[in-house]
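The values are calculated or read from the model by the stated rules, or taken from the named source; none is laboratory data. All figures in this text were calculated on a predicted structure; none of them were measured in a lab. Cβ placement follows ideal geometry from the backbone for every residue including glycine, while neighbour counts extend to all protein chains displayed. Side chains are part of the model used for accessible areas, which takes the heavy atoms of the whole protein and leaves out ligands, DNA and RNA. Shrake-Rupley method; radii C 1.70, N 1.55, O 1.52, S 1.80 Å.
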Amino acid sequence: MKILDKYILKTFLVPFAATFLIVLFVLVMQLLWQTFENIAGKGISIGFIFKFLYYTSLSIVPQALPIAVLLSSIMALGSLGENYEFAAAKSAGISLQRLVRPLIFLTLILSGINFLFLNNIFPYAILKQQNLYYNIKKKKPALALVPGSFNSDLPNYQIKFDEKYGKEKNLLKNVLIYDLSSRKGNQKVITAERGKIISEEGSRYMTFILYDGYYYEDHTKSSKSNAKKQKMPASQATFKEYEFNIDISDLVGDGALDEERFKNSYKMLKLEQLNDTIPVLKTSYNDLLLSRANSISSISKSNQLYKYSDSLKTKNIDTISTLDNFDLKNKISILNGSKTKMNSALTNVKNNIDNIKRKRKTLNYFDSEYYGRIALSFSCLILFFIGAPLGSIIRKGGFGLPMILAIGIYVIYFFGNTMGKNLAEESSISSLLGSWISAMVMIPFGIFLTRRATKDKGLFNIDTILNPIKNLFLKFKSKKDI
């Protein structure tokens, strides 16, 4: 390796190491800020918290690497330009392409490392992180209760409340509880204005204390007849304070925080596993659509529709207004039959639309994850070809202007990537297009910057805009003088 190549690599690697660690720290702290309230101060040992941070850091590395490449390439090339080392190299007959050649090879290696990381370490880190976080919440089941929706994590109970507050987040407001322990449906309902959760570490019971509420319970089996339902014996009462225990031994049990309770999420699979799973999901989705289409076809009896040959057509049939060929009684019968079939078809569609959407969205998740990992692997290379020419153009090193430019560029890249992913998950665009939409925006910009840097031009040639305006004013001024 030549001395020049070593020097260029050193100029790049020093800021790369610093920026990578800084970006990784910021991203980890951002995620920790969102989850720290649920894992700290809840009886979880510091060792498990550090383990959670370790897996979180591994899962964020593929995002931090492209940002570090972008920022360090702007800083390295900007520093070379700021110190007139570009000018010295050009005077010696060394082109910009020759200067950045070792960095291109290094970026290719980093892209390969990022791909291997995304395919092997990232799924493992997500598996461990999500299971650890899930088990931590189950270790303290109160953490799993989310305000604003029904919570079914506690066995035999469905619990809903508007707000969780207090120092330990164990106080509830506007509580609604369905007791399903009788296995006979929602026969026992409890409402309360306020509530409190008491759950001690290692205890097999969670205690609920409710205040200022209402209690209702049916005492017989469920009946399909509305008349019988109205005659069922029931009890109801208001209370100032009501206390009951929920057996959570199935949740805490041995409570192994390292236990892997689920491992089939799309983020926890390698690319080859995703590639094997996607065809199965597509087949299941297509079978569902086919069965629904056959069902609607059966309801409408579309298989009985066929063309008559001209020789069988009656001469005096009105082919424009078909109903006019029938008397009033038959018209009513035909319209009623059509209405019944239409309502049946609409009911069939409404009953299955949520299931179809759910299967389609699940398939989109797997598709987007598969193409997204490949696109993210190439992001190091794409962002390098934006950062390197941009650094040589602005000729500024350090953390000032390069940091601002890098943040702006990555925000555009991240916004495009997020928008494409969301559109793909909602089936507005294909998963392939959604995963590569950011690259499609950035690649032309990188080509533009590379051409400008190769020709030793600025980012924008302001003279091409100002000169025509200046010449126009000069032209008017000369005519005025005449």
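Between the listed residues SER57, ILE74, ILE109, the Cα displaced farthest toward the positive end of the dipole of region 1-113, a dipole computed from Cβ unit charges relative to the Cα centre, is found at ILE109. Protein heavy-atom surface of region 1-131, 1.4 angstrom probe: 71% of the accessible area is carbon and sulfur, with nucleic acids and ligands not counted.
Exceedance of the 20 Å cut-off in Cα-Cα distance is limited, within the set LYS90/LYS455; LYS267/LYS421; LYS51/LYS169; LYS167/LYS196; LYS160/LYS359; LYS10/LYS455, to LYS51/LYS169; LYS160/LYS359; LYS10/LYS455. Judged by the mean number of other Cβ atoms found within 10 Å, the most tightly packed of the peptides 46-55, 83-92 leads the ranking 46-55, 83-92. Judged by the mean number of other Cβ atoms found within 10 Å, the most tightly packed of the peptides 385-394, 440-449 leads the ranking 385-394, 440-449. Summed over all non-identical Cα pairs, the Kirkwood treatment of region 61-135 gives a radius of 15.0 Å. Tally Lys and Arg at +1 and Asp and Glu at -1 over the other residues with C-beta under 14 Å from the C-beta of LYS240: what net charge comes out? So the environment of LYS240 carries a net charge of -2. Taking the Kirkwood radius as Rh and the Cα radius of gyration as Rg, region 375-453 has a ratio of Rg/Rh equal to 1.05.
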